[in-house]
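Remarks on the structure that follows.
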Amino acid sequence: MTRARAVELVHGGRRFLLTCHLRPDGDALGSMLGLAAILRALGKEVVMFSSDPLPEYLRFLPRSGEVVRAVPEGETFDATFVTDTASRALLPAVLPPPEVSGPWVVIDHHAAHDGFGDVVVREPDAVATGEVVLRLMADLGLERVPTEAAVPLYTAIVTDTGGFRYQGTTPTTMRLAADLVEAGADPWTVAYNVFEGWAPERMKLLGFVLESLETWHAGRIASLTVTRAMMAHTGADDDMVEGLVNYARMLRGVEVAALVWEWRVGADGAPMTKVSLRSRGSIDVSRVAVALGGGGHRSAAGATVEGTVDEVRARVVAESARLLDA
Ligand SMILES: [Mn+2]
């Protein structure tokens with residue numbers, strides 16, 4: 001049980017670095033903030049680090065303003081905790097060396113992992129990394145959720161369950177959420193910030209993205225497209241694209257929903273396209289993502305692929321069709 005090893009490192013240490021994957025989402029950041037609050041409740045010192053800025057919609061999270069964009073110089077840590085991260089490639093390119101970071105402890109719930117980390121606490125039966133953090137908290141001997149951990153951990157669970165809607169949401173999920181509400185999380189505040197409260201630019205972008213809807217394979221595959229021109233025209237930023245793929249899944253009969261996003265030009269000048277995939281659960285879209293060099297979960301996965309949006313969309317459709325016909 002690797003959780004026991006993580007517990008030893010916490011009890012044996014005093015000062016910890018916490019980080020998460022690039023472009024943090026509600027589970028990655030919520031788990032990091034929640035774990036930070038738990039460690040502080042145990043009398044530990046924490047530094048929270050994200051090289052990427054936090055998305056606007058998560059800045060309501062208590063103490064998210066304390067997340068630093070660079071690891072402070074001249075400090076060392078007894079261990080470094082990484083939340084919700086399935087692979088080294090999803091972390092900042094430059095990380096502190098082992099003599100600064102201490103052992104790397106990965107706290108995650110993804111089905112696949114690339115082996116990164118000295119201690120990997122990976123529990124795919126957990127609906128969110130936030131749930132793994134709560135299990136770790138119990139093992140650390142904390143009986144009650146610290147108030148400061150309640151909102152971020154509730155946010156982690158709400159994000160990864162789509163507001164308790166997705167498959168994998170269990171009575172245990174609901175009980176954990178109830179504990180977090182009792183500890184001080186307000187469901188509407190979290191739901192409003194996570195799912196509503198849209199910037200006008202995002203709403204305008206959605207209009208263009210919905211216009212791009214295409215379906216294939218007798219309506220069982222749907223795609224949406226985001227171009228740099230749409231982004232420039234609406235003034236939307238990258239964070240505002242997050243979650244738009246779900247609109248493709250809403251269409252009745254769709255089993256594989258894809259969003260292809262004209263991303264960046266790679267170092268060698270080649271166009272790169274980001275792919276987000278969703279399913280209703282019958283189809284394992286992580287298999288499509290893996291075929292494209294990415295990864296993820298059964299019902300939510302993604303990849304970054306070399307090629308134009310048109311080329312990459314064609315590959316996504318072909319891989320999805322193969323899976324549907326298998
Ligand atoms: Mn997650």
*What accessible surface, in Å², does a 1.4 Å probe find on Lys204, ignoring ligands, DNA and RNA and rounding to the nearest 10?*
120 Å²
*asked:* Run the simple label-point estimate for Asp179 and Ala93 please: 7 Å along Cα→C-beta, distance reported in nm.
replied: 4.1 nm
_Helix-only [θ]222 nm of the chain, DSSP H runs n ≥ 4, -39500 (n - 2.57) each, per residue, nearest 500_ = -11500 deg cm²/dmol
_Can you give me the accessible area per residue for the range 200-325, using a 1.4 Å probe, in Å²?_
47 Å²
*asked:* Along each principal axis of its Cα atoms, how long is the range 200-325 end to end? Whole angstroms, biggest number first, please.
replied: 39, 35, 22
*Step through the residues of the range 265-279 one at a time and calculate ³J(HN,Hα) from phi using the Karplus curve (6.51 cos²θ - 1.76 cosθ + 1.60, θ = phi - 60°), rounding each to whole Hz and writing x for Gly and Pro.*
8, x, 4, 8, x, 7, x, 10, 10, 8, 10, 10, 10, 9, 9
_Ignoring ligands, DNA and RNA, please state the percent of accessible area on the range 2-195 from carbon and sulfur, probe 1.4 Å._
53 percent
*Extension gain His11-Ala232, at 0.36 nm per residue separation less the Cα-Cα distance, in nm?*
74.6 nm
_Among Met203, Ala218, Tyr192 - extreme Cα towards positive end, dipole of the range 180-298, charges at beta-carbon_ = Ala218
*Could you tell me the accessible area of His233 in Å² (1.4 Å probe, neighbours in place), rounded to the nearest ten?*
130 Å²
_Restricted to Cα positions, what overall size does the range 103-215 have along the principal axes? Three whole-Å values, descending._
51, 36, 27
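How large is the convex hull of the C-alpha atoms of the chain per residue, in Å³? Don't jump to the answer; show the numbers that get you there.
On the way: hull volume 44.3 nm³, N = 326.
So the per-residue hull volume is 136 Å³.
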*Label-to-label distance, nm, for residues given as Glu214 and Glu66 (7 Å Cα→Cβ offset)*: 4.9 nm
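Can you tell me the alpha carbon radius of gyration of the range 2-195 divided by the globular rule-of-thumb value 2.2 N^0.38 Å?
On the way: Rg = 15.1 Å, N = 194, 2.2 N^0.38 = 16.3 Å.
Against the empirical 2.2 N^0.38 Å value, I get 0.93 for the range 2-195.
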*chymotrypsin sites (Phe, Trp or Tyr not before Pro), restricted to the range 163-239: which are DSSP loop and have at most 15 other Cβ atoms within 10 Å?*
Phe164, Trp198
*Give me the number: length gained by fully extending Ser51 to Glu242, i.e. 0.36 nm times residue separation minus the C-alpha to C-alpha distance, one decimal in nm.*
66.9 nm
*Round to a whole angstrom and tell me the spacing of the C-alpha centers of the range 183-230 and the range 85-100.*
30 Å
*Considering only DSSP states other than H, G, I, E and B, which GluC sites (Glu not before Pro) in the range 71-121 qualify as loop sites with at most 10 other Cβ atoms within 10 Å?*
Glu73
*For the range 252-326, just list the percent of Cα-Cα distances falling in each 10 Å bin from zero outward, please.*
23, 53, 20, 4, 0
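Calculate the all-directions average of the projected area of the range 8-118's alpha-carbon convex hull, and give it in nm². Provide the component values of the computation, followed by the final result.
Working: hull surface 26.7 nm².
For the range 8-118, the mean projected area of the Cα convex hull comes to 6.7 nm².
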*Quantify, in whole percent, the carbon and sulfur part of the accessible surface of the range 200-325 (1.4 Å probe; protein heavy atoms only).*
52 percent
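Which value, in Å to one decimal place, does the Kirkwood hydrodynamic radius take for the range 43-108 when every pair of different Cα atoms is included?
With all distinct Cα pairs of the range 43-108 included, I get 13.1 Å.
The values are calculated or read from the model by the stated rules, or taken from the named source; none is laboratory data. Just so it is clear, the model here is predicted, and its values are computed rather than measured. Every residue, glycine as well, gets a Cβ built from its backbone with ideal geometry; the counts of neighbours run over all protein chains shown. Side chains included, ligands, DNA and RNA excluded: accessible areas come from the protein's heavy atoms. Shrake-Rupley method; radii C 1.70, N 1.55, O 1.52, S 1.80 Å.
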